[in-house]
Amino acid sequence: MDKIGIKYCGPVHDSSGYAQFARNFINGLSKNTEVNLSVEAVSFENARPNLGPMEDLLKSLENKRSRYDLKILNVTPEMLPRLVDADKKNVCFTMFETSRIPTVWVECLNRYTVACLVPCTWNKEVFRDSGVKVPIYVVPPGIDASYYSRIDKIEPTELSNLPNDCIAFYSVFQWTERKNPIGLIMSYLAAFDGVEDVYLVLKTYGADTSPVQQKRVRDMILATKAQLNLKKAPKILFVGSLLSVEQMTGLHKRCDCFVLPHRAEGFGMPHLEAMACGKPVISTGFSGNMDFMTPENSYLLDYQMTIVCNMPWIKWYEADMEWADPDLTQLKKYMREVYREMKITKSGKMLNTKTASLARCGQKDVLERFNLEVTTDRLVKVCREINNA
């Protein structure tokens, strides 16, 4: 079988979710014997995480000049007019996190691409209902199962002021309304008021990871805490700096339970990575993460749909869009349940509890169904279908 030439265009050096998706796809495609791959870098932001060996791979693929049949543009669709190659088949990998996508996105996808790739089933439905006419394929990003198979050899990330004899809930997100940080913090504070041996570790950032933005996030955490009449507030540890890939994995290993009551996700890579590390996950039972989270492998929060708000700096969010409002009372209940069960297992071995069962099931599911080999094979199959159409 002849190789298929693919140029992958995306924010490969950034720290965003789009960038992480791009690197995962590139990592998988670079190992696939059916693909001749080159890379074109664009950027959405100034943050530049330490990518380790991935930096060398990206550099070699950016310098590579080779024939290609398809150009995959891992960007938001309004960028398409200036990035498509007129003499090639252009395909956009993108996502959105509300009940419909912006009208200009629909227009750009229909005009400039021959197909659209999205990471989850929910997005396929939303894009089609919004008016996208080109073929839409679900192509989820994958994780390197071989990397997670050596999780025992990866050192936990050192977190100052986090003792070993505590239960550490943790979350990874950008501080925006969509991620619902206020709901998370208030639920945690209310659930554990007066409890000494519990922490909430927040790996988060504002517009970027600068000192100014780190102070802004700290101030918002303190302001949220001040809204509740607490007897003795449980501890919160803020991590605002950039972490390398191994440090992020070490963060998953160091902490005990991932929790994120998001309003919507295009996919949910932090959830997937936490599950790959064998951690129990509490999150909203809505949107992209539902392609890999189930009642059998996760704690899923009920929700009701609500109006998108408090995102005025992003022009794509509009008043007639909706997303989820998760049940914070249920979130408190689940965190307390995890706390009670994990308190028994703090010796390092998890007992045969519901929490341990969910974590084991989640790890098995994502490593089998969302490993790079499986997801890359899916992407290559889709690319061949598009190219032969």
Quick test for you: out of Gly142, Gly206, Gly183, pick the one residue that is among the small types (Gly, Ala, Ser) and farther than 28 Å from Gly52 by Cα.
Gly183
So which residues in segment 128-145 are within 22 Å of Lys89 (Cβ to Cβ), within 23 Å of the chain's Cα centre (by Cα) and in a loop (DSSP other than H, G, I, E, B)?
Val139, Pro140, Pro141
Would you confirm whether any residue within segment 14-29 is free of Cβ contacts under 8 Å to residues at least 60 places away in the same chain, over 18 Å from Pro119 (Cα atoms) and out of contact with any Phe, Trp or Tyr (no Cβ under 7 Å at 6 or more places or on another chain)?
no
Segment 287-301, residues that are among the aromatic types (Phe, Trp, Tyr) and under 14 Å from the mean Cα position of the chain (by Cα):
Phe292
Answer yes or no: is there a residue in segment 216-235 that is under 19 Å from Ile182 (Cα atoms), at pLDDT 95 or above and under 19 Å from the mean Cα position of the chain (by Cα).
no
The conditions are (1) surrounded by 18 or more Cβ atoms within 10 Å (Cβ to Cβ); (2) in contact with a strand residue (DSSP E or B) (Cβ under 6 Å, 6 or more places away or on another chain), and Arg254 fails exactly one of them. Which is it?
(2)
So, restricting to strands (runs of 3 or more DSSP E) that lie completely within segment 265-374, which ones have at least 2 residues that are touching a His at 6+ places or on another chain (Cβ under 7 Å) and without any contact (Cβ under 8 Å) to a residue 24 or more places away in the chain?
none
Hey, could you check segment 132-145 for residues that are over 14 Å from Thr375 (Cβ atoms) and not charged (D, E, K, R) and say which is surrounded by the most Cβ atoms within 10 Å (Cβ to Cβ)?
Val132
Taking Phe238 as meeting all but one of (1) closer than 26 Å to Gln214 by Cβ; (2) among the hydrophobic types (A, V, I, L, M, F, W, C); (3) modelled with pLDDT of 95 or more; (4) crowded, with 18+ Cβ neighbours inside 10 Å, write down the number of the exception.
(4)
Looking only at segment 197-212, how many residues end up being farther than 18 Å from Ser244 by Cβ, under 21 Å from the mean Cα position of the chain (by Cα) and surrounded by fewer than 20 Cβ atoms within 10 Å (Cβ to Cβ)?
2
Among the residues of segment 242-250, are any in contact with a Lys or Arg (Cβ under 8 Å, 6 or more places away or on another chain), crowded, with 16+ Cβ neighbours inside 10 Å and at pLDDT 95 or above?
no
Does Arg384 satisfy the condition of being part of a helix (DSSP H, G or I), modelled with pLDDT of 95 or more and of a type in the set (D, E, K, R)?
yes
All strands (runs of 3 or more DSSP E) inside segment 153-257 with 1 or more residues being at negative phi and of a type in the set (S, T, N, Q):
167-174, 198-205
How many residues are farther than 18 Å from Tyr205 by Cβ and of a type outside the set (A, V, I, L, M, F, W, C) if we restrict to segment 251-262?
4
Test Ile136 against the stated conditions and say whether it is in contact (Cβ under 8 Å) with a residue 12 or more places away in the chain and in the same structural domain as Leu200 (by TED's automatic domain parsing).
no
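The values are calculated or read from the model by the stated rules, or taken from the named source; none is laboratory data. This one's a predicted model, so the numbers in the text were calculated from it and none came from an experiment. Cβ atoms come from the backbone with ideal geometry, glycine included; neighbour counts cover every protein chain shown.
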